[in-house]
Amino acid sequence: MPTRRSVLVAFSALALGGCSAPAPSGSASPVAASAAPVADDAAADTAVDVVTTPPTVPAHASPTPPRPTLEQVQARFGGRAPKTWGLDVPGVATRSGAGTVALTFDACGGTGGNGVDGWLISALRKNKVPATLFLNARWIAANPGTSAELAADPLFELADHGTAHRPLSVNGRSAYGIAGTASLAAVYEELVSNRAHLEALVPKPGRWYRPGTAYYDEVSAEVTRAVGLVPVNFSVNGDGGATFSASQVVTAVGAVGPGDIVISHMNRPGSGTAPGYEAVLPRLLDRGVTFATLSKAGLALA
Ligand SMILES: [Zn+2]
């Protein structure tokens, strides 16, 4: 039997395919990826004792600092050469600060990525499990009614999955064959333009940001914080970019412990994601695992 950690690391090395490019119909083949370390679960327990009601005042209700202009960002960060590129770079949050598990679901948008996994949403509602939903501007534009419906549901917190779904790079690095942003101006555009769409849905969307493909360099992660957002990735890859079978989802998500942030996808109906979550959520609740949105999980804003 592989250890829990080896299983998680193996899953985490798989591409975030649902977050990058449309998968061929019926394909379950993971795309080769650079195996960045993403699942530091060594300290995670397997259960907590009591299911408690999260605090009622979300962290994102705190005042949002004024956003610097592009010129101010260029003056501060111009000339910085990044040293890292990947899923877990300095400055990116990968675990929450509390004893809860934070489920996060990306809605990537674009060709082949504008789907709505209604089965998954129903499974979350049926089990009353909260989640943070990272919405891309293209997905919101393609699904205005669903976006409004999700925004109105207190079970869900909306967060930011970028404007054009680009890997966040100051110098044009790419991930999974998708070209990243290539300048501070492009990083700034990718970071801030989707805010208006989110703020049209909810007065105070979560200040959490995850770029397309979840790749950053550490300079772009620092820029993310400078514009008032928090770069968030994950400690558990729950669905391998919506390429996992249901049983793989059950294995990956079933191994979560307090403080984990789980990434999966809500834009791939027909994948193993929904049946996997439908099977595993009751087991986790029976085990006493508590779920919360990133805000209510106590993820630090600074
Ligand atoms: Zn995505």
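One decimal place: the segment ALA75-ALA182 gains 36.9 nm when fully extended, by the rule 0.36 nm per residue minus the C-alpha distance.
What separates the Cα centres of region 120-146 and region 66-83 is a distance of 32 Å. Quotient of the Cα radius of gyration of region 213-302 and 2.2 N^0.38 Å, N being its number of residues: 1.21. With the highest mean first, a sort of the peptides 216-229, 272-285, 196-209 on other beta-carbon atoms found within 10 angstrom per residue produces 216-229, 272-285, 196-209. Equivalent ellipsoid of region 163-240: semi-axes from √(5λ) of the C-alpha gyration tensor, largest first, are 19, 16, 12 Å.
Expressed as a fraction of 2.2 N^0.38 Å, the C-alpha radius of gyration for region 84-145 is 1.36. Extension gain for ARG287-ALA200 works out to 27.5 nm (0.36 nm per residue, less the C-alpha to C-alpha distance). Please give the FRET efficiency for LYS83 paired with THR111, using the beta carbon to beta carbon distance and R0 = 22 Å, rounded to the nearest 0.05. That pair, LYS83 with THR111, gives E of 0.10.
Under 5 Å from the amide H of ASP106 lie the amide H atoms of PHE134, SER264, HIS265, MET266, each residue being 5 or more positions distant or on a separate chain, with H modelled from the backbone and absent for Pro and chain starts.
Read-outs throughout are calculated quantities, based only on the coordinates presented, and are distinct from any laboratory measurement. The shown structure was predicted, so the numbers you read here are calculated from the model rather than taken from an experiment. Here Cβ is always computed from backbone atoms with ideal geometry, including for glycine, and neighbour counts include all displayed protein chains.
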